[in-house]
Amino acid sequence: MGSHAGGMETAEERTRVCDLPEACVAHVIALTSPRDACRCAAVSPCFRDAAGSDVVWARFLPPDYLQLHQAPARRFSLSRSASTASATASASSTKKEAYLGLTDAAVLVDGGGMAVWLAKESGAKCVAISARRLSLPWEDGEFSWRWTPHPLSRFAELAQLVDCTCLDIYGRLPTAALTPATAYAAYLVFATEDAHRGLSFPDQETTVSVSGSAPSRHAVCLRPDPIDARRFKDGKGMDGAHVRGPVLRGDGWWEVEMGRLRTRDEAVVGEEVAVSFEILGWYPKRGLIVEGIEFRPI
């Protein structure tokens, strides 16, 4: 009699999580995130099997992952420790391997004009637009920019500023190319020559807008210089706004955040995000090397 007769279950009668069908456990894990799925795999053998199943990782892959997964375009490792492009994605046999392959290597699409990969922790799409897909000033025709390959670039060629007085760079990307319901930041990816000129004054501005909405504006400076900064109100740019400076990345490029946006819960046909970088002063500029513009989830 005892506890069993009184309506209390015995230890043998309790249902443990690992007694549930693997498909049930996998369904629950699929409602979390890639990071949580990896943590679940360390809980127990039954969790490890469920967390590694195709049911879980199919949930984290974008709807068009097969187009990226099977893309004939070249793949470039996102880790500079690798000497050659990663082939993980193209040789994968499971959804998890396909996912990890797309986080380890950027896939060139759109004729080599864009690079796409996944953020490892969230699975959100990251997109880089090459300099060839940007609108660059051509006030002096072919003498303004020089198109040249670069050993650190994912793209076949990038834009090297030879000489100009008016510098403004524009880019557009369909929001459907990004992951829905996700906060993004846009970054100008660049380098400079040692003999650069006109890039150190904090009279530089970036904008980000979605489908004609009022743009968000930010003061930036690609190559801050203390002496030039003092000439512009002790480090304050236009209208006294705080000036964003550049950050050196692990792959050898510099980047500056241009602004942020949030995609809709569902993609809207024809909707685009527009970004721009402009130096407001009219004076000689040279030595800027533009690789492209990146959109990455925050």
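Some values worked out for this structure:
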{"read-out": "In Å², nearest 10: area of ASP19 left accessible to a 1.4 Å probe", "value": "80 Å²"}
{"read-out": "Local electrostatic count at ILE289 - Lys and Arg +1, Asp and Glu -1, tallied over other residues with Cβ under 10 Å", "value": "-1"}
{"read-out": "FRET efficiency for SER122 and VAL269, using Cβ-Cβ distance with R0 set to 22 Å, rounded to 0.05", "value": "0.35"}
{"read-out": "Surface share of carbon and sulfur [accessible, 1.4 angstrom probe, percent] for segment 143-215", "value": "55 percent"}
{"read-out": "Two-site label geometry, ALA23 and ALA181: point separation in nm, points 7 Å out along Cα→Cβ", "value": "2.5 nm"}
{"read-out": "Local net charge near ASP54, Cβ-Cβ under 13 Å (Lys/Arg +1, Asp/Glu -1)", "value": "0"}
{"read-out": "Ranked by how many other beta carbons lie within 10 Å on average, peptides 189-197, 123-131 from highest", "value": "123-131, 189-197"}
{"read-out": "Loop sites in segment 93-181: chymotrypsin sites (Phe, Trp or Tyr not before Pro), DSSP, at most 16 other Cβ within 10 Å", "value": "TRP138"}
{"read-out": "Extension gain, CYS38 back to ALA156 (0.36 nm per residue minus Cα-Cα distance, nm)", "value": "38.9 nm"}
{"read-out": "Rounded, prolate or oblate (a/c below 1.5 giving rounded, otherwise prolate when a/b exceeds b/c) for segment 145-298 by Cα gyration tensor", "value": "oblate"}
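The values are calculated or read from the model by the stated rules, or taken from the named source; none is laboratory data. None of the values given here were measured: they were computed from a predicted structure. Because the Cβ atoms are built from the backbone with ideal geometry, glycine has one as well, and the counts that use them run over all protein chains shown. Each accessible area value is taken on the protein alone, full model and side chains, heavy atoms only, with ligands, DNA and RNA left out. Shrake-Rupley method; radii C 1.70, N 1.55, O 1.52, S 1.80 Å.
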